[in-house]
1. Quick one: Karplus J couplings for segment 7-15, per residue in order, coefficients 6.51, -1.76, 1.60, θ = phi - 60°, nearest Hz, x for Gly and Pro?
2. According to a simple spin-label model (label point 7 Å from Cα along Cα-to-Cβ), what is the distance in nm between GLU13 and ASN62?
3. For VAL80, what residues show an amide H to amide H distance below 5 Å, using hydrogens built from the backbone and excluding near sequence neighbours?
4. Along Cα→Cβ, 7 Å out, is where each label goes; now give me the distance between the ones at MET71 and LYS129 in nm to one decimal.
5. Cross-link list LYS28/LYS60; LYS36/LYS67; LYS20/LYS123; LYS55/LYS79; LYS55/LYS123; LYS36/LYS98: which exceed 21 angstrom alpha carbon to alpha carbon?
6. Output the peptides 58-65, 28-35 sorted from most to least packed, where packing is the average of other Cβ atoms within 10 Å over each peptide's residues.
7. What are the residues whose amide H is under 5 Å from the amide H of THR135, where those residues sit 5 or more places off or on another chain and H is modelled from the backbone?
Amino acid sequence: ILVPMDGSEDSCEALSMFLKFHDKTQSKIYLMNVQKVKIPHEEYFTLGDRRGLVKYHKEKANEILDKGVAMLEGIEYEKVIRMGDPVTEILDFSEEIKADLIIMGSHGRTGLSAVLMGSVSTKVLTYSKRPVMITRPKQEEPLEFKKKYLGIKID
């Protein structure tokens, strides 16, 4: 099972939702973080600068993945850190391990931001040869809806 994590609550929620029905002996979970980083061109940076940049991004990735690891008590897992385009890296790795399932959270972007920015989860769903489960973000009911239709009194 491949669980890409981007540090958002949505990716943690996706893992949490999956763990509710996951059999702990069933399969190994791969927690993956892809750092979208461009290594500076050699002419502009020394080797030490590039190594420092890679080290920084690996530390950030480990911070993100450790949130997922904390949720995996008693479950076999492996942390995977990649650098590059998140969609490409997720798709390539899912094929590499022959993932039975990819589980991702969705940020729930709509409108112009969804059109302009696209969505990693949508692109993975579109191009993956593997099954993909996308969880929706928690939706808060608008205050007026709660008052009018749910009868909740809010001061």
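Rule-based calculations on the coordinates, nothing more; no lab input. Nothing here was measured: the structure is a model prediction, and the numbers come from that model. Here the Cβ positions follow ideal geometry from the backbone for every residue, glycine too, while neighbour counts run over all protein chains shown.
1. Result, ordered by residue: x, 7, 4, 4, 6, 5, 5, 4, 5 Hz.
2. Spacing of the two 7 Å Cα→Cβ label points: 3.0 nm.
3. Amide H neighbours of VAL80: LEU31, MET32, ASN33.
4. With each label point 7 Å from Cα toward Cβ, the separation is 2.9 nm.
5. Working: LYS28/LYS60 23 Å; LYS36/LYS67 19 Å; LYS20/LYS123 26 Å; LYS55/LYS79 16 Å; LYS55/LYS123 28 Å; LYS36/LYS98 23 Å.
In this structure, LYS28/LYS60; LYS20/LYS123; LYS55/LYS123; LYS36/LYS98 exceed 21 Å between Cα atoms.
6. Answer by packing, highest mean first, reads 28-35, 58-65.
7. Correct list: MET104, GLY105, SER106.
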